[in-house]
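> Handing you this structure, nothing more for now.
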Amino acid sequence: MEGREVNDTNGLQHEEEEKEECGVILEIPLGIAAETFDFKKTVCSHGLFAMSPNQWDPLSYTFSRPLRLRHHSDSESDFTSVMVSISHPSNLPHSLLVRVHGTRSLTPQNRESLVTQVLRMLRLSDADEMNIREFRKIIAMGEGEEFDWMKGFSGRVFRSPTLFEDMVKCILLCNCQWSRTLSMARALCELQLELQFHSSSCTKAQQTDMNNFIPKTPVGKESQKRKGRVSSASSNLSTKLLVTKMDWDEVDTCLTMVDTRIKRENLTPNFSINSIEDNSCGICKSCVGPSGIQSLQQTQCKRIWNFPSPWELANLDERFLSKRCGLGYRAGRIIKLSQGIVEGRIPMRELEQVCNGGSLNSYNELADQLKEIDGFGPFTRANVLMCMGFYHVIPADSETVRHIKQVHAKNSTIQTVHKHIEEIYGKYTPLQFLAYWTELWHFYEQRFGKFYEMPCSEYKLITASNMRNKGSCKIKRAKIS
């Protein structure tokens, strides 16, 4: 599909108002991508889809999350969040339906912004389509069982609506268990709601009392080494985030409303849901209990829980962010990244443009740029560049070593893994990552089942430790960044 054609028409075929719920429906044509596109496999193709604020319903095959719309085109920090739900109905094989909740109309600029974010997440660009067709061509020419099950891969690897969110989530993937990664992402979204509440409700008089300030989310344990690396920044949080006891009582009420599970009236793709958010099980009906559940709209909480922006994180105190979200040493890296973007030292617009079809020649230059950002080591850089559309470098960590040992019977280590990667996946150049990820995802699904059918409450179980058979060798974890 030509992304430009979608954007030129604002990706809009029709808008309609629902009697039961205020909302706008956008129909985005898939174009030639309809031949290769599989919605459920595309969304559930990478662990990023399981990280807050993303929500996947395995019964209706509907993806939901908040997306941002700017209030003013000249101010990147002035935005609002809207809840959207995306589906690919069987009666519309050549289109996606995007429901925007809680609004009766959208400006042309807002429609274009929403479509751009949707296309980015689902990799519906000319460059993505070219990569998919090239990868499938390589697979079609191969012989053997390996190539047979690779043919079932969608070829698209899910990513976030913005590069910043991808970058932060790649940081969260480093040096910790998958359940911890999910917890940190959720805590950042909880914090975003609190910051949103704070910015809209605190008066100058209220911004003088920090005596009763208490971070709300329990913090996961960090190793002693990690603890020693937390910055010695001032612990006086009154210059960073100012909330009174009265504010926190209101925040508690708001968070309780947001954490209430949502009851759906039906599972058809007409987007009859009201809103989302919960811990690990989100809104999918397969995770919802039988008792009556109050919808977010039935409460009086109008704010939407989203992933924080760089403007919301840049001025936070490092020790507060580390403790509040259980980030450990990652807090400093995320704050520095946010500050670099806000201050213009990290050119996000230019980097985002590369996502729309950067050449291999620009990879090294981009890798050098990312290398200058604190905490962006080889593993994190390779993951970020994969999210940007470069597939010839495979991010290698202990999971890669485990996979090569168990599947390819090579005595691999973190020191030799890149050599083995080249031996195994070199024939797929320049799409080595797609081959590796297709293979890895295939063996994970053999163990855990289809991810697009899995309840959200089970995402934390998708770990390498649960992949090991009795008696299989254990892999020593190596620090990566």
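The values are calculated or read from the model by the stated rules, or taken from the named source; none is laboratory data. Since the structure is predicted, the reported quantities are computational estimates derived from the model, not experimental observations. Quick reminder, even Gly has a Cβ in these numbers, built from the backbone with ideal geometry, and neighbours come from all protein chains shown. Accessible surface areas use protein heavy atoms only, side chains included; no ligands, DNA or RNA. Shrake-Rupley method; radii C 1.70, N 1.55, O 1.52, S 1.80 Å.
> Can we say Arg324 is modelled with pLDDT of 95 or more and part of a helix (DSSP H, G or I)?
Taking the combined requirement at face value, the residue satisfies it.
> Against the condition assigned to a loop (DSSP other than H, G, I, E, B) and either without any contact (Cβ under 8 Å) to a residue 24 or more places away in the chain or among the hydrophobic types (A, V, I, L, M, F, W, C) (or both), how does Leu106 come out, does it pass? Before you say what the answer is, go through the steps one by one.
Values: assigned to a loop (DSSP other than H, G, I, E, B): yes; either without any contact (Cβ under 8 Å) to a residue 24 or more places away in the chain or among the hydrophobic types (A, V, I, L, M, F, W, C) (or both): yes.
So Leu106 passes the test.
> Hey, another quick one. Just to be sure, is Val118 of a type in the set (Val, Ile, Thr), surrounded by fewer than 22 Cβ atoms within 10 Å (Cβ to Cβ) and part of a helix (DSSP H, G or I)?
Working: of a type in the set (Val, Ile, Thr): yes; surrounded by fewer than 22 Cβ atoms within 10 Å (Cβ to Cβ): yes; part of a helix (DSSP H, G or I): yes.
In short, yes.
> Still on this structure, please answer the following. Do the conditions hold for Gly102, that is, is it modelled with pLDDT under 85 and of a type outside the set (Phe, Trp, Tyr)? First the steps, then the outcome.
Numbers: modelled with pLDDT under 85: no; of a type outside the set (Phe, Trp, Tyr): yes.
Against the criterion (modelled with pLDDT under 85 and of a type outside the set (Phe, Trp, Tyr)), Gly102 does not qualify.
> Can Ser73 be described as small (Gly, Ala, Ser) and either crowded, with 22+ Cβ neighbours inside 10 Å or at pLDDT 95 or above (or both)? Steps first, please.
Details: small (Gly, Ala, Ser): yes; either crowded, with 22+ Cβ neighbours inside 10 Å or at pLDDT 95 or above (or both): no.
Taking the combined requirement at face value, the residue does not satisfy it.
> Assess whether Glu458 counts as being over 21 Å from Gly155 (Cβ atoms), in a helix (DSSP H, G or I) and open to solvent by 10 Å² or more (accessible area, probe 1.4 Å). Don't jump to the end; show me each part of the working.
Values: over 21 Å from Gly155 (Cβ atoms): yes; in a helix (DSSP H, G or I): yes; open to solvent by 10 Å² or more (accessible area, probe 1.4 Å): yes.
Answer is yes for this residue.
> While we're here: Of the numbered conditions (1) at pLDDT 85 or above; (2) open to solvent by less than 50 Å² (accessible area, probe 1.4 Å); (3) out of contact with any His (no Cβ under 8 Å at 6 or more places or on another chain), Ser472 fails exactly one; give the number of that condition.
(1)
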